[in-house]
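Only one structure is covered here, and it is reproduced in the block below.
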Amino acid sequence: MIDLSPLFGRENTPGAEHLAFRVFPKTGTERWMLDATERFPWHLKTWPRANMRARWIYRAAWALGFLGLHLPSRVLSFPIAANSPYAQLRTEFDRLGIFLGTPGPNRKIVVYAGRPERSVFVKIPLGPASSALVVQEAAALDDLAQDPDLAPLVPRAYRIAGHLALENIDTHDTRHAALDLTELVRIHDLLERRSVTVRPLSELRRDWEAETGASEAPMKCNAQITAAIEGTREAAYAFLDSLPQDLAVPCYMAHGDFTRWNVLRAADGSARIIDWELYGLRPRWFDLVHYFVSYDLLVARIPAAGVVMHLGRVAKEIGVETPEHGWWRQVGLYLACHGLYYCSVYERQEDPYPQAVWQLSAWADILRMLSMSDRIEN
């Protein structure tokens with residue numbers, strides 16, 4: 001079990017109240033917690049439902065809740081300090097569910113806190129890297145709230161129990177569902193218009209290398225993940241080395257993790273966008289490319305060649321398939337930037353998720369395809 005003191009307070013705090021929690025799943029690495037007195041699975045409010053399987057499991061869990069039943073779990077007791085964030089949330093909200101975060105340097109606890117008229121997600125960082133990301137997200141949301149075009153698409157931010165709390169925008173008129181390409185391009189263009197700039201490739205490379213130079217020492221990973229990390233780094237640097245280092249790269253302030261599970265669709269078809277913690281300067285089309293690549297690799301499990309074909313269809317549909325538009329070069333820059341960042345994350349992650357090797361290998365394969373292709377114009 002991870003250190004829960006940032007949420008529950010110190011274990012030896014005098015007067016702490018002991019509460020029983022259901023811990024999910026019943027065996028293996030803990031992912032969620034729920035007050036054992038809760039009838040319904042509020043913790044699953046933190047679970048993105050980007051595919052049909054996830055939606056059916058979610059619905060099944062809620063159906064069981066009406067019968068007072070839960071998915072398999074184990075019950076453990078924890079002391080809750082009176083001044084802890086969890087104790088403060090209990091006084092203000094009557095529905096709480098805990099997501100224990102994804103292992104690694106960016107790990108944070110996310111608490112769903114709700115009452116009939118209001119619900120939020122409270123982010124509680126567990127280390128320096130996740131603290132920096134929470135600060136970055138708060139700054140991004142503050143900036144975007146000033147933009148009349150983007151403000152309606154992002155959650156409002158608050159401070160609750162001493163932490164960043166985000167408005168729950170997954171309401172009755174929004175849901176996890178794919179956006180059409182027109183809306184995806186519109187979101188990209190809104191972000192690009194307010195922040196478009198040009199940077200030489202050499203400067204971008206320096207920034208990316210600084211971004212991935214985490215202070216934490218790499219974990220001792222198994223041979224398979226180590227080989228995948230090394231292969232992705234090698235492919236990323238080979239692609240970057242193949243381009244002129246003074247190349248002027250069009251960039252913009254991108255969401256940074258624009259995935260099917262971070263972008264919801266409202267009733268009118270427009271986007272509602274969450275998780276802005278990776279907001280930052282990225283090559284043009286970064287968010288649009290990431291939207292398709294992340295789903296194709298992590299959910300649909302499409303091989304690298306199929307992902308390239310899909311991206312080719314996207315480029316044709318939006319009219320940027322010819323070399324002068326630089327689409328494939330921007331795809332390669334997206335993969336190099338994103339791949340280098342996650343190589344650093346995964347090698348500092350005690351237990352990388354099973355799809356990490358598949359994802360890293362696919363990124364490397366696509367980069368090699370692009371490096372050998374005549375579609376890249378320098």
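Read-outs throughout are calculated quantities, based only on the coordinates presented, and are distinct from any laboratory measurement. Only a predicted model underlies this, so the values are computations on that prediction, with no experimental measurement involved. Cβ coordinates were reconstructed from backbone atoms using ideal geometry, including for glycine residues, and neighbour counts include every protein chain displayed.
Just the Cα atoms of the chain, one point each, no solvent: what log10 I(q)/I(0) does Debye give at q = 0.08, 0.13 Å⁻¹?
Reported log10 I(q)/I(0), two decimals: -0.43, -1.14.
Hey, how many Å between the Cα centroid of segment 238-253 and the Cα centroid of segment 76-116?
Spelled out, the Cα-based centre of one part sits 43 Å from the other.
Which is farthest toward the positive dipole end of the chain among Ala267, Ala145, Tyr342, measuring Cα position about the Cα centre, with Cβ charges +1 (Lys, Arg) and -1 (Asp, Glu)?
Positive-most Cα among the choices belongs to Ala267.
Between segment 126-188 and segment 325-355, how far is it from one alpha carbon centroid to the other, in angstrom?
22 Å
With contacts defined as alpha carbon pairs under 8 Å and 6 or more residues apart, what's the relative contact order of segment 181-371 in percent? List each step's numbers first, then the result.
Details: 236 pairs, mean separation 64.0, N = 191.
Result for segment 181-371 is 34 percent.
Calculate the translational D of segment 181-371 in whole µm² s⁻¹ from Stokes-Einstein, where the hydrodynamic radius comes from the Kirkwood formula applied to all Cα pairs, the temperature is 20 °C and the viscosity 1.002 mPa s. Walk me through the numbers before you get to the answer.
Values: Rh = 17.1 Å.
The calculation lands on 125 µm²/s.
In terms of the Cα gyration tensor, with a ≥ b ≥ c the square roots of its eigenvalues, is segment 238-279 rounded because a/c is under 1.5, prolate because a/b exceeds b/c, or oblate? Walk me through the numbers on the way to the answer.
Numbers: a/c = 3.23, a/b = 2.94, b/c = 1.10.
It is prolate, given that a/c is not under 1.5 and a/b is the larger ratio.
In angstroms, what radius of gyration and Dmax does segment 57-177 have, counting Cα atoms only?
When restricted to the Cα atoms of segment 57-177, Rg and Dmax are 16.1, 47 Å.
Assign unit charges at the C-beta atoms only (+1 for Lys and Arg, -1 for Asp and Glu), then state the dipole size of segment 5-168 relative to its Cα centre in Debye, rounded to the nearest 20.
Details: 20 positive and 14 negative charges, 151 e Å.
Dipole size: approximately 720 debye.
Just name one of Leu133, Ile98, His188: the one whose Cα is farthest towards the positive end of the charge dipole of the chain (beta-carbon charges, Lys/Arg +1, Asp/Glu -1).
Sorting the options by dipole projection puts first Ile98.
In what sequence do Glu347, Glu38 fall when counting other Cβ within 10 Å, fewest first? Working shown, then result.
Working: Glu347 23, Glu38 17.
Ascending Cβ contact count within 10 Å gives the list Glu38, Glu347.
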